[in-house]
1. If you check every pair at least six apart or on different chains, which have Cβ atoms under 6 Å apart with a residue in segment 106-127 that is farther than 18 Å from residue 52 by Cα and in contact (Cβ under 8 Å) with a residue 12 or more places away in the chain first and a residue that is open to solvent by 70 Å² or more (accessible area, probe 1.4 Å) and among the aromatic types (Phe, Trp, Tyr) second?
2. So which helices (runs of 4 or more DSSP H) stay within segment 1-85 end to end and still have 3 or more residues that are at pLDDT 80 or above?
3. Restricting to segment 16-52, what's the tally of residues that are charged (D, E, K, R) and either farther than 18 Å from residue 115 by Cα or open to solvent by less than 70 Å² (accessible area, probe 1.4 Å) (or both)?
4. Which condition does residue 141 not pass, out of (1) over 26 Å from the mean Cα position of the chain (by Cα); (2) at pLDDT 75 or above, if it passes all the others?
5. Test residue 62 against the stated conditions and say whether it is over 18 Å from residue 132 (Cα atoms) and either surrounded by 12 or more Cβ atoms within 10 Å (Cβ to Cβ) or among the aliphatic types (A, V, I, L, M) (or both).
6. Taking segment 65-83 only, how many residues are over 15 Å from residue 115 (Cβ atoms) and open to solvent by 60 Å² or more (accessible area, probe 1.4 Å)?
7. From 125, 115, which residue is in a helix (DSSP H, G or I) and of a type in the set (D, E, K, R)?
8. Please give the number of the condition residue 96 fails out of (1) open to solvent by 70 Å² or more (accessible area, probe 1.4 Å); (2) part of a helix (DSSP H, G or I); (3) touching a Gly at 6+ places or on another chain (Cβ under 6 Å).
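The values are calculated or read from the model by the stated rules, or taken from the named source; none is laboratory data. Being a predicted model, the structure only gives us computed values, none of them experimental. Cβ coordinates were reconstructed from backbone atoms using ideal geometry, including for glycine residues, and neighbour counts include every protein chain displayed. Surface areas here come from the heavy atoms of the whole protein model, side chains and all, with no ligands, DNA or RNA. Shrake-Rupley method; radii C 1.70, N 1.55, O 1.52, S 1.80 Å.
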Amino acid sequence: MSSLISQTGFFNFNTMLIPFMLLHLAPVWYAIFGPIWRAIRYRTIEYVITNRRVYISGGIFGRDVTSIDYRDIEDLTVNVNPLERLKGKGTLKLTRDYSTNTGSNYSVSYGVRFKAIDNPYQVYKLLKKVALDVYTDQNYPNAYGPEDNSGYNTMLD
């Protein structure tokens, strides 16, 4: 009786084999299609540096845009691994990585990065200079103002 149900019922061996194989071969699919996906995504990323902020734009099916004001650049570092060095590229890290540990759950939120950019040290110097200028202007706004600055003429004593 049980052999009759397994051959003709919903749980037929042949109908369960295909989903079982597809599910258990997920690491293989990831190993095959992961690099292809990353290569396509790499071609769609654009980095833009303006006088007010930095933009990162990219996406395959839609366009995602991230903007970072210069005052929010908190941990600017350059990383050039051996493969990037061969290609004359590097990675800039603009914001810090954060990790959270709540009992059995541990997660890492990676900061914003410019990945595989040309001339990483020149871009680093440019971003560092502009970020310092913005920081100075925001924290010391009158330091570079005119010598004769009368301010507001209020009638308060």
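1. Going by the 6 Å Cβ cut-off, the qualifying pairs are 109/98.
2. Details: elements: 2-8, 13-24, 26-44.
In segment 1-85, the matching helices (runs of 4 or more DSSP H) lie at 13-24, 26-44.
3. Counting residues in segment 16-52 that are charged (D, E, K, R) and either farther than 18 Å from residue 115 by Cα or open to solvent by less than 70 Å² (accessible area, probe 1.4 Å) (or both) gives 1.
4. Going through (1) over 26 Å from the mean Cα position of the chain (by Cα); (2) at pLDDT 75 or above one by one, residue 141 breaks only (2).
5. Answer is no for this residue.
6. 6
7. 125
8. Every condition holds for residue 96 apart from (2).
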